[in-house]
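Inspection log for the structure reproduced underneath, given as structure tokens.
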Amino acid sequence: MEIARLGVLFLPGDMLENVMPPERKEYPLLVAGAKGRFAVTDEIDFVEDNFNALKRVLLLTERIDPQREPYAALWIKRPENPSHGEVMVAGRALPGEGTYIQPLWPEILRAFAGRPTRWDRDGGETVYYPVRNSDEEIVGVLEVTEHLEPLFV
């Protein structure tokens, strides 16, 4: 929890909120109705400066306590279906849940509601911490996981 609490202090929530260009934010809403519940996820485009700044903070967050070997990721809610989410930016590894669009589970939903949450899992611990923009609105969730095998390294 300490690593997540420190990491979120340096995460620019406004950059997470604007990591996708405006046309990308609207695109899933337009395509979702035509192709099913979601747009395909391979059309992702990023505002490069925002993405790079977020990635840098995640990589530095993972170095706060190298003995724990944590990895960090930023989750957002999907604009066309807020009950689902996806990883928008990851540090050195992707979370074990994967990169696909998926229903949000109780622990991460608590963080999206403003309450940091710890989840003891098989082989490790995951912490979810809300990320706020300059208006104090929750725009995402920081996940910090230690001692679990990441999906990709």
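The values are calculated or read from the model by the stated rules, or taken from the named source; none is laboratory data. Fair warning: this is a prediction, and the values are worked out from it, not measured in the lab. All Cβ positions, even for glycine, are placed from backbone atoms using ideal geometry, and neighbour counts span all protein chains on display.
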Next on the checklist: Here are the criteria: (1) in a helix (DSSP H, G or I); (2) modelled with pLDDT under 85. Tell me which single one A39 does not satisfy.
Outcome noted: (1)
Checklist entry - Looking at segment 89-124, which of its residues are under 23 Å from R56 (Cα atoms), out of contact with any Leu (no Cβ under 6 Å at 6 or more places or on another chain) and part of a strand (DSSP E or B)? => result A90
Next on the checklist: What are the pairs with Cβ atoms under 6 angstrom where one residue, in segment 94-106, is within 15 Å of K77 (Cβ to Cβ) and the other, located anywhere, is of a type in the set (V, I, T)? Sequence gap at least six, or different chains.
Outcome noted: none
Item to check | Filtered residue count, segment 65-85, keeping only those that are modelled with pLDDT under 90 and either in a loop (DSSP other than H, G, I, E, B) or crowded, with 19+ Cβ neighbours inside 10 Å (or both) | outcome: 5
Checklist outcome for this item: In segment 86-125, anything among the aromatic types (F, W, Y) and loosely packed, with under 12 Cβ neighbours inside 10 Å is listed as Y100
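Yes/no per residue for (1) without any contact (Cβ under 8 Å) to a residue 40 or more places away in the chain; (2) touching a strand residue (DSSP E or B) at 6+ places or on another chain (Cβ under 7 Å); (3) not aliphatic (A, V, I, L, M):
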{"site": "V57", "(1), (2), (3)": "no, no, no"}
{"site": "E69", "(1), (2), (3)": "no, yes, yes"}
{"site": "N81", "(1), (2), (3)": "no, no, yes"}
{"site": "H84", "(1), (2), (3)": "no, yes, yes"}
Checklist entry - Inside segment 102-131, can you point out the residues that are under 16 Å from E86 (Cβ atoms) and among the small types (G, A, S)? => result A111
Item to check | Residue, nearest to R63 (Cα to Cα), within segment 125-146, restricted to residues that are touching a helix residue (DSSP H, G or I) at 6+ places or on another chain (Cβ under 7 Å) and in a loop (DSSP other than H, G, I, E, B) | outcome: N133
